[in-house]
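Working notes for the structure below.
The values are calculated or read from the model by the stated rules, or taken from the named source; none is laboratory data. Fair warning: this is a prediction, and the values are worked out from it, not measured in the lab. Ideal geometry is used to build each Cβ from the backbone, glycine not excepted, and the neighbour counts take in all protein chains shown. Accessible surface areas use protein heavy atoms only, side chains included; no ligands, DNA or RNA. Shrake-Rupley method; radii C 1.70, N 1.55, O 1.52, S 1.80 Å.
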Amino acid sequence: MTSTLAGGRAARRQTMRRIRPRRSPAVPLLLAVGAGAAAVLWLWWGNTPSIGDDTGRIINAGRITGLLAGYLMALVVLQMARVPALERRVGSDRVARWHAMTGRYTLCLVLAHVVLIMWGHARRAGLGLADIVRQTTDSLTQLPDLGKAATGTALLVLIGLVSIGGVRRRMPYDTWYHVHLMTYAAVFLTFWHQISTGNDFAVRPLAKTFWYGLYGVVSALVIWFRVLTPIRLNLRHRMRVEAVVEETPGIVSVLIGGRRLHRIGAEAGQFFRWRFLAPGMRFSSHPYSLSAAPRPDLLRITVKAIGDHSAGLRGLRPGTRVWAEGPYGALTASRRSRGKVLLVAGGVGITPMRALFETLPGAAGDITLLYRATTTQDLALWDELSAIADERGARLMYAVNSPDGARPDISAETLQRKIPDIDRHDVFLCGPPGFAQAVYEALRGAGVPARRIHHESFAM
Ligand SMILES: Cc1cc2nc3c(=O)[nH]c(=O)nc-3n(C[C@H](O)[C@H](O)[C@H](O)COP(=O)(O)OP(=O)(O)OC[C@H]3O[C@@H](n4cnc5c(N)ncnc54)[C@H](O)[C@@H]3O)c2cc1C
């Protein structure tokens, strides 16, 4: 694919700007989230003149957990909205981790809220265990919106269960993705009881306006970025499969043509979620990174077959319509803070690294790529990488298992021996979790500061 080298030169010229990393907005964002939580507690405080006894304490703990759960639920949806500023500056995998963590806290708060409110009201009415069940059933049928809230809570529990690491890993991506989409329904169903039965909103119009505003803004962001923006992008660029090329056994590249693709705003290192409008694939949208710099008329992804979707790409026919959402991801040249860069790829993690190897600005000797694979036959895209290395005077190294199956030594000492000034490099890293963790530790041992190790995970 020599043509991508020409694309690479153009992309390098475009990105040849002053090397200045974007600051991660994690701290300001955390402060903003904390300020929002404080405002929510203030709502409760302002509406609670006094708490008399233990029963009052239990009910008030139920109110606080309910309010905080409602607030975090809005954040969970915000993290699903794929707001470009968040995806590009924080990184999609980090947003996904925050989303998973916020989701866990939300579910715990929701369950605590349910238990505390049921328990508190039962104590106040002097009820026994059997009566609690009857009282809860009565409340669900008689109080406004509580039935919907119960259905929403059941959905949240289901989503929480399929998100547990062990369950998630055994589940096809598509199943997990579609169950996860039910979060929107769960949030919608639980929202109304907060307004109609929540003491803090029923009697305070300002609080109610604030709550509608919070959920309104989040809903608008979801509709804008997850529905309208992709429709606009796909109508404008009208992408189709141009060709499918076998790279190594089990790995194919899909070339995707379209109109004015240079205006799509993608950078090397980023990914899209791709939906191919072919039989059996229409309802699946999967993330794959660009494996070459975007060209005005062509994008390329390179995919390893591990399940239904990735294996199905081999059978795509030229002309198949493509629906893409993106670009997403923060593993781009803008992360770089130094002149020298080491790219480390493990297995199919080579895809974003291949695009960065082609486009990162740098003089001869500035860029090094270390590619880990099981055997030399598994080094997908090797010929292209060699051509790029020759063209720009970059270093290309690989590490494969020895003939007896022993893993190569990628320790701090080896890295220092191969790249003596490694502590003065930025490192971009992409590979399977175990490999990425081992390389991260070796890099730290070799003196590379954590802030200069830029990692993106393919885990979802
Ligand atoms: C940001 C991002 C960028 C990616 N870029 C690329 C790319 O450029 N090239 C590429 O080949 N892949 C890439 N992936 C991974 C790719 O999206 C998945 O391999 C693919 O979606 C799996 O779908 P499937 O239907 O083929 O397999 P499934 O049927 O969903 O999965 C089969 C089995 O593999 C496991 N599995 C699924 N996905 C992963 C994963 N990501 N890591 C480890 N185990 C998994 C499942 O739990 C299941 O056990 C990327 C992932 C992310 C999040």
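Using the structure shown, decide if residue 92 is of a type in the set (S, T, N, Q) and in contact with a Phe, Trp or Tyr (Cβ under 6 Å, 6 or more places away or on another chain). Here the answer is yes, as residue 92 does meet what is asked. Applying the criterion of being away from the ligand (no atom under 16 Å from the Cβ) and free of Cβ contacts under 8 Å to residues at least 60 places away in the same chain to the residues of the range 163-185, the residue that is surrounded by the most Cβ atoms within 10 Å (Cβ to Cβ) is 182. Residue pairs whose Cβ atoms lie under 6 Å apart, separated by 6 or more positions or on different chains, with the first residue in the range 57-84 and more than 30 Å from residue 233 (Cα to Cα) and open to solvent by 10 Å² or more (accessible area, probe 1.4 Å) and the second of a type in the set (A, V, I, L, M, F, W, C) and outside any helix (DSSP H, G or I), are 57/51; 60/51. Looking only at residues in the range 320-335 that are closer than 29 Å to residue 79 by Cα and part of a loop (DSSP other than H, G, I, E, B), the one that is nearest to the ligand (Cβ to nearest atom) is 329. Considering the range 261-319, and only residues there that are assigned to a loop (DSSP other than H, G, I, E, B) and of a type in the set (Asp, Glu), the residue that is farthest from the ligand (Cβ to nearest atom) turns out to be 297. Within the range 182-201, the set of residues being modelled with pLDDT of 85 or more and more than 28 Å from the chain's Cα centre (by Cα) comprises 192, 193, 194, 195, 196. Per this entry, residue 338 is counted among residues that are among the basic types (Lys, Arg) and not in a strand (DSSP E or B). You will find that of 242, 246, the residue that is touching a residue at least 12 places away in the same chain (Cβ under 8 Å), in contact with a strand residue (DSSP E or B) (Cβ under 7 Å, 6 or more places away or on another chain), open to solvent by 30 Å² or more (accessible area, probe 1.4 Å) and within 16 Å of the ligand (Cβ to nearest atom) is 246 and no other. Checked against the criterion of being in contact with a Gly (Cβ under 6 Å, 6 or more places away or on another chain), modelled with pLDDT under 95 and surrounded by fewer than 16 Cβ atoms within 10 Å (Cβ to Cβ), the range 356-364 has at least one qualifying residue.
Could you tell me how many of the residues in the range 411-436 are away from the ligand (no atom under 14 Å from the Cβ) and over 23 Å from residue 333 (Cβ atoms)? Matching residues across the range 411-436 total 8.
Residue check: is residue 316 over 21 Å from the mean Cα position of the chain (by Cα) and in the same structural domain as residue 397 (by TED's automatic domain parsing)? Against the criterion (over 21 Å from the mean Cα position of the chain (by Cα) and in the same structural domain as residue 397 (by TED's automatic domain parsing)), residue 316 does not qualify. Within the option set 267, 246, 242, being of a type in the set (Asp, Glu) and within 23 Å of the chain's Cα centre (by Cα) holds for one residue only, 267. Residue 315 satisfies every condition listed in (1) open to solvent by less than 10 Å² (accessible area, probe 1.4 Å); (2) at pLDDT 95 or above; (3) out of contact with any helix residue (DSSP H, G or I) (no Cβ under 8 Å at 6 or more places or on another chain) except (1). If we scan the range 42-51, do we find a residue that is within 30 Å of residue 222 (Cα to Cα) and surrounded by 14 or more Cβ atoms within 10 Å (Cβ to Cβ)? Yes, the range 42-51 contains at least one residue that is within 30 Å of residue 222 (Cα to Cα) and surrounded by 14 or more Cβ atoms within 10 Å (Cβ to Cβ).
Filter the range 122-147 down to the residues that are of a type outside the set (A, V, I, L, M, F, W, C) and open to solvent by less than 80 Å² (accessible area, probe 1.4 Å) and list them by number. The answer is 126, 128, 131, 135, 136, 137, 138, 139, 144, 145, 147. With respect to the stated conditions, residue 204 fails to be open to solvent by 50 Å² or more (accessible area, probe 1.4 Å) and at pLDDT 95 or above.
For the structure I just gave you, tell me whether residue 231 is in a helix (DSSP H, G or I), under 27 Å from residue 283 (Cβ atoms) and over 19 Å from the mean Cα position of the chain (by Cα). So residue 231 fits the description; yes. Criterion applied to 269, 347 was being open to solvent by 10 Å² or more (accessible area, probe 1.4 Å), within 27 Å of residue 443 (Cα to Cα) and not polar (S, T, N, Q), and the one residue passing it is 347.
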